[in-house]
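Structure, as structure tokens:
The values are calculated or read from the model by the stated rules, or taken from the named source; none is laboratory data. None of these values were measured; they are calculated from a predicted model. Here the Cβ positions follow ideal geometry from the backbone for every residue, glycine too, while neighbour counts run over all protein chains shown. Surface accessibility is based on the protein's heavy atoms, side chains included, excluding ligands, DNA and RNA. Shrake-Rupley method; radii C 1.70, N 1.55, O 1.52, S 1.80 Å.
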Amino acid sequence: MRPPSPSIPEKEFVVEALKQGLRLDGRAALEMRQPTLTFGPDLGWVDCSLGKTRVLAQVEAKMVKPPPERPFEGQITIHSEISPMASSEYEQGRPSEEEVTIARMLDKIIRRSDVVDKESLCIQSGQRVWNLRLTVHFLADSGNMLDCACLAAIVALKHFRRPEVEVVGDEVVVHPPAERAPMPLSMHHAPFCLTFAYFQDTSIPAILDPSRLEQRLSAGVISIALNAQRELCVVQKAGGVPLSPTEILRIVAVSTEKSKELDRFVRERLEDDWRTRTVEVV
């Protein structure tokens, strides 16, 4: 279903407000919505919100046999689908352009940038490895679902714990959490995605974390994924206004500071959650 276009008065009002440095929700141009993280009873279950945009991420692990060309590496599969629950614009079984873009970006950010150390997921070379399945559910679309999905996915991987495994000869023993404490994933880094919207009118500055209406009225967006160590992982520009090298360097600098803030926020929320959990080992 094609999304309805904003009305002319609505478009004129938003564009005029942006020219004056104002946004409908009261944020500054380079201010993102405050993220909210809710952890479920199971490890690796995270509900992430950016304003009214909501994404649920869940990580599960199972043992599989690795392919012969990569006998020492575990596997990571990412499944994401935008259902009509997020918005009536999306149809079940018919991927929209935005859904394809989000799926590709998640694959680049998490799998191709080696967020998780795949060799640490090996149990027996060529015989058994861990297969991590990351499932992303989109619950509500109020703009910028990509950044929300990326944040939810990274936090879910950090929050997840896999069972402790012991190899005795050719036998693999999986210890339940009641016997041995589950093990955290070995992660190389934690990139965060930040999306900026640009408009046809060059007098309007770039805005960070665009809302649904701002995203529709924009002439193009650029998404930057980088970690708190200032390592650039992915840059994706989806059409629209041409950008100068100076402007790209400027928003990369902004993204660097925002990623540091997100890294601190995620660390604090994970620590708060662990204080509420008790790990009992018999």
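Can you tell me how many residues within the stretch 225-259 are farther than 23 Å from Arg112 by Cβ and of a type outside the set (Asp, Glu)?
Here the count works out to 11.
Go over the candidates Leu249, Leu243 one by one and state the one that is out of contact with any Leu (no Cβ under 8 Å at 6 or more places or on another chain), farther than 21 Å from Ala103 by Cβ and in a helix (DSSP H, G or I).
Only one candidate passes the filter, namely Leu249.
Quick one: Val266 ticks every box in (1) modelled with pLDDT of 95 or more; (2) open to solvent by 90 Å² or more (accessible area, probe 1.4 Å) except a single one, so which number is it?
Condition (2) is where Val266 drops out.
Out of the residues in the stretch 35-49 meeting the condition of being of a type in the set (A, V, I, L, M, F, W, C) and either under 16 Å from the mean Cα position of the chain (by Cα) or modelled with pLDDT of 95 or more (or both), tell me which one is surrounded by the fewest Cβ atoms within 10 Å (Cβ to Cβ).
Looking at residues that are of a type in the set (A, V, I, L, M, F, W, C) and either under 16 Å from the mean Cα position of the chain (by Cα) or modelled with pLDDT of 95 or more (or both), I get Trp45.
Pick from Ser120, Ser211, Ser125: which is under 24 Å from Ser49 (Cα atoms) and hydroxyl-bearing (Ser, Thr, Tyr)?
On inspection, the qualifying residue turns out to be Ser211.
Within the stretch 50-99, how many residues are over 27 Å from Trp130 (Cα atoms), open to solvent by 50 Å² or more (accessible area, probe 1.4 Å) and either assigned to a helix (DSSP H, G or I) or modelled with pLDDT of 90 or more (or both)?
4
Listed here are the residues, each with its yes/no results for (1) among the acidic types (Asp, Glu); (2) closer than 28 Å to Val235 by Cα; (3) touching a strand residue (DSSP E or B) at 6+ places or on another chain (Cβ under 7 Å).
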site: Glu119; (1), (2), (3): yes, yes, no
site: Leu139; (1), (2), (3): no, yes, yes
site: Arg161; (1), (2), (3): no, no, yes
site: Glu164; (1), (2), (3): yes, no, yes
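Could you say whether any residue in the stretch 114-132 is in a strand (DSSP E or B) and either under 24 Å from Ala206 (Cα atoms) or among the basic types (Lys, Arg) (or both)?
The answer is yes; a qualifying residue exists.
Quick test of your reading of the structure: Leu132 fulfils all but one of (1) open to solvent by 10 Å² or more (accessible area, probe 1.4 Å); (2) at pLDDT 90 or above. Name the failing condition by number.
So the condition that Leu132 fails would be (1).
Would you tally the residues in the stretch 219-257 being within 15 Å of Leu30 (Cβ to Cβ) and without any contact (Cβ under 8 Å) to a residue 24 or more places away in the chain?
Looking only at that region, the number is 4.
Pairs, please: C-beta under 8 Å, at least 6 apart or cross-chain, first residue more than 14 Å from Arg162 (Cα to Cα) and basic (Lys, Arg) and in the stretch 61-75, second assigned to a strand (DSSP E or B) and open to solvent by 40 Å² or more (accessible area, probe 1.4 Å)?
Lys65/Arg128
Checking Gln127 against (1) surrounded by fewer than 20 Cβ atoms within 10 Å (Cβ to Cβ); (2) under 23 Å from Lys260 (Cα atoms), only one condition comes out false. Which one?
Failed condition: (2).
In the stretch 241-263, what residues are under 17 Å from the mean Cα position of the chain (by Cα) and open to solvent by less than 60 Å² (accessible area, probe 1.4 Å)?
Ser255, Thr256, Lys258, Ser259, Leu262, Asp263
Among the residues of the stretch 150-190, write down those that are among the charged types (D, E, K, R) and surrounded by 15 or more Cβ atoms within 10 Å (Cβ to Cβ).
If the condition is that a residue be among the charged types (D, E, K, R) and surrounded by 15 or more Cβ atoms within 10 Å (Cβ to Cβ), then Lys158, Arg161, Arg162, Glu164, Arg180 are the ones that fit.
Of the residues in the stretch 206-240, how many are part of a loop (DSSP other than H, G, I, E, B) and loosely packed, with under 15 Cβ neighbours inside 10 Å?
Total satisfying the criteria: 5.
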